[in-house]
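Chemist: Structure below; questions to follow.
The values are calculated or read from the model by the stated rules, or taken from the named source; none is laboratory data. A quick note: this is a predicted structure, and the numbers were derived from the prediction, not measured. Note: ideal-geometry Cβ built from the backbone for every residue, glycine included; neighbour counts use all protein chains shown. Accessible surface areas use protein heavy atoms only, side chains included; no ligands, DNA or RNA. Shrake-Rupley method; radii C 1.70, N 1.55, O 1.52, S 1.80 Å.
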Amino acid sequence: RDSGLKDFSSIAVYQKQKSQGSNTSKPFGVALRAMDGGAGGPLPSVPALMAPLPSGSLYYMLDDFNHNHEHAVIAGDDGVRYSSTHRVAREGQGTWQYIRDKIQNFQSTESMFDWSVGKVNDPTLSPKKRKQKLVSRLRNQEALLSEIEFEWLRQWFVQGHKHAKLHPYWHDPIKVLIKSFCALEETTFQIIKLLKEASKRGETETEDLCETLFDVLIESFTERNNKRKEWARRYKDPIFRDLAENERPFACPCLDRVAKKESDDFLSPDLELSIRVLRELRSAFVSSDEQGEGMDDAKDDKSKLKKDKKKKTKKSTLTNKEKKKVASNWNAIKSKISG
């Protein structure tokens, strides 16, 4: 069931197979099951059914039937299948106007943040509030980057040159999304450079930087890297070899760069490298804050100082969420031992 549909709207689905298959091949089909008012779960009292979908089939699901039923295409073994689905979408998420306005709204507040020195330009806020605002800004920026990449750019470029040629309306919006993605990623890279410098001195009263900024980037990069791996597996699907050259995925200029070592000019597409660097910088940033206190506590015991420093370094490479998870796992282990 498509959550992006307008309630009680209708859909139409046309499908065609590249080859007709043999008499013994398993055909494609459409499965249907009744739902509880379109919002709840399936109705166990109404049995599901499946209807065959020969090549060239067209089926409709109209108003209240569509609202109260869920449908899914059951894959056959008749080769490559082409389909065209026509639906009435809700005006909100998933439209060009939505993502365009979201980007513009985000850009309209840029002047409030000075990433060249890591400060929020609002003297009325307390230092704690400024740090929270900077963290929130970075978190929203990374979420927007991921949304543009996975919900828009990759969805466009995976469909091939032929699809792009058939939809000229989208050419300019895609250019805007590419430009916006590059600008946001450039800001992210500048933030990493700022955090690199901050890692040498720790938190200061003249900046609004804190260790949570490292956490936001590490968590965002990890999630984005996992999604990129999923897309990499998708690109390797053998089905693409059966498609015409102009129907296969083609390169996106801002996403499909050759992975290189982090340079002074751009953020490397190799996010695993960036995550490792950020963990090292986080550790250095936290250690800079703790160094003076640690020196005072252990100045008469060099071996203790060395051991404590090693322990803190290992722990400070973890984000706060990861630390909680480690602590939670240890408590579970202890309960099992005691039990």
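Chemist: So how many residues does segment 80-99 have that are within 22 Å of the chain's Cα centre (by Cα) and open to solvent by less than 80 Å² (accessible area, probe 1.4 Å)?
Modeler: So the answer is 6.
Chemist: Test of understanding: among S22, S55, S111, which residue is modelled with pLDDT under 90 and open to solvent by 60 Å² or more (accessible area, probe 1.4 Å)?
Modeler: Matching residue, one of S22, S55, S111: S22.
Chemist: Do we find that D64 is touching a residue at least 12 places away in the same chain (Cβ under 8 Å), acidic (D, E), in a helix (DSSP H, G or I) and surrounded by fewer than 16 Cβ atoms within 10 Å (Cβ to Cβ) in this structure?
Modeler: Here the answer is yes, as D64 does meet what is asked.
Chemist: Is it the case, given these coordinates, that I148 is closer than 30 Å to D242 by Cα, part of a helix (DSSP H, G or I) and either touching a helix residue (DSSP H, G or I) at 6+ places or on another chain (Cβ under 8 Å) or among the hydrophobic types (A, V, I, L, M, F, W, C) (or both)?
Modeler: yes
Chemist: Now a separate question. Every residue in segment 247-262 that is modelled with pLDDT of 90 or more and β-branched (V, I, T), please.
Modeler: none
Chemist: Is it fair to say A244 is modelled with pLDDT under 75 and more than 20 Å from K193 (Cα to Cα)?
Modeler: It is false that A244 is modelled with pLDDT under 75 and more than 20 Å from K193 (Cα to Cα).
Chemist: A further question on this structure: Would a scan of segment 211-229 turn up a residue that is open to solvent by less than 40 Å² (accessible area, probe 1.4 Å) and out of contact with any helix residue (DSSP H, G or I) (no Cβ under 8 Å at 6 or more places or on another chain)?
Modeler: No, every residue in segment 211-229 fails to be open to solvent by less than 40 Å² (accessible area, probe 1.4 Å) and out of contact with any helix residue (DSSP H, G or I) (no Cβ under 8 Å at 6 or more places or on another chain).
Chemist: Right, something else. Among the residues of segment 304-320, is any touching a helix residue (DSSP H, G or I) at 6+ places or on another chain (Cβ under 8 Å), at pLDDT 80 or above and loosely packed, with under 12 Cβ neighbours inside 10 Å?
Modeler: Within segment 304-320, none of the residues are touching a helix residue (DSSP H, G or I) at 6+ places or on another chain (Cβ under 8 Å), at pLDDT 80 or above and loosely packed, with under 12 Cβ neighbours inside 10 Å.
Chemist: Which condition from (1) in a helix (DSSP H, G or I); (2) within 30 Å of N121 (Cα to Cα) is the one that R234 breaks?
Modeler: Against the list (1) in a helix (DSSP H, G or I); (2) within 30 Å of N121 (Cα to Cα), R234 comes up short only on (2).
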